[in-house]
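Accompanying notes for the structure given below.
The values are calculated or read from the model by the stated rules, or taken from the named source; none is laboratory data. Computed from a predicted model, the values in this text were never measured in an experiment. Cβ: placed from backbone, ideal geometry, glycine included. Neighbour counts: every protein chain shown. Ligands, DNA and RNA are stripped out before the accessible areas are found, and what is left, the full protein with its side chains, is counted by its heavy atoms. Shrake-Rupley method; radii C 1.70, N 1.55, O 1.52, S 1.80 Å.
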Amino acid sequence: MSKRHPNPRLAKIHRNYTVEEVASLFGIHRNTVREWIKRGLPTNDDRRPILILGRDLVAFLHARRTKNKRTCRPGEIYCVRCRAPKAPAGDMADYQAVTDTLGNLIAICSECETLMYLRVSLAKLEQVRGKLDITMMQALLHIDESARPSVNCDLR
Ligand SMILES: [Zn+2]
C-alpha cells in the first residue's frame, strides 16, 4: 500500500477514529493525520480526544486523491516543476504553431515561473483555453513567409 496515497476504502464510514487509529489504519505517522486536519479534514474539534468520522475521512481522502491525480482543466497547463496542473501567470499563454493544425501552448507557471508547454491541436484550442488570453504566434510565420523572396509576387 502506498503511504503517500492511503486507500480510502480502509476506513469504515460509520466508525469514529482517533488520530492514533487513523495513523495505524493507514500505517502513517500521527503528524500526517494532524496535517490532514489542518488541511481541512473535519473533526469534532471541541472534544478530546479528537474524533474523526469515517465518512469525513473517506470523503477527505477521495478529494485528496482526485486533486493529486487530476488532469489539466481548461485554462491550466501541467507544470513539470510543481508536478501539477497550474494556471499560467496572468492567465496568458502563447500559441506557437508547429504545423497548420498543431501547436504548443506556452505559458509561465503562476506559482514557480517555470515555462509550461502543452501540445495542442488548433481544433482543440478552444476546449483547453478556459479563461486564458492566448496570443496566436502564427502571425510570426506569416511575417517570415512574406520576408522571403517571393516568386509569384502578388504583394505590392
Ligand atoms: Zn510551477
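Here are the numbers for this structure:
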item: Translational diffusion of the range 35-122, µm² s⁻¹ [Kirkwood Rh, Cα pairs; Stokes-Einstein; 37 °C; 0.692 mPa s]; result: 212 µm²/s
item: Estimated distance in nm for a label pair at LYS124 and HIS62, the labels positioned 7 Å out from Cα along Cα-to-Cβ; result: 2.8 nm
item: Residues with amide H under 5 Å from that of SER110, placed H, sequence gap 5 or more; result: ALA87, ALA89
item: Separation of the LYS131 and CYS82 label points, Cα + 7 Å toward Cβ, nm; result: 1.5 nm
item: Per residue accessible area of the range 49-126, 1.4 Å probe, in Å²; result: 61 Å²
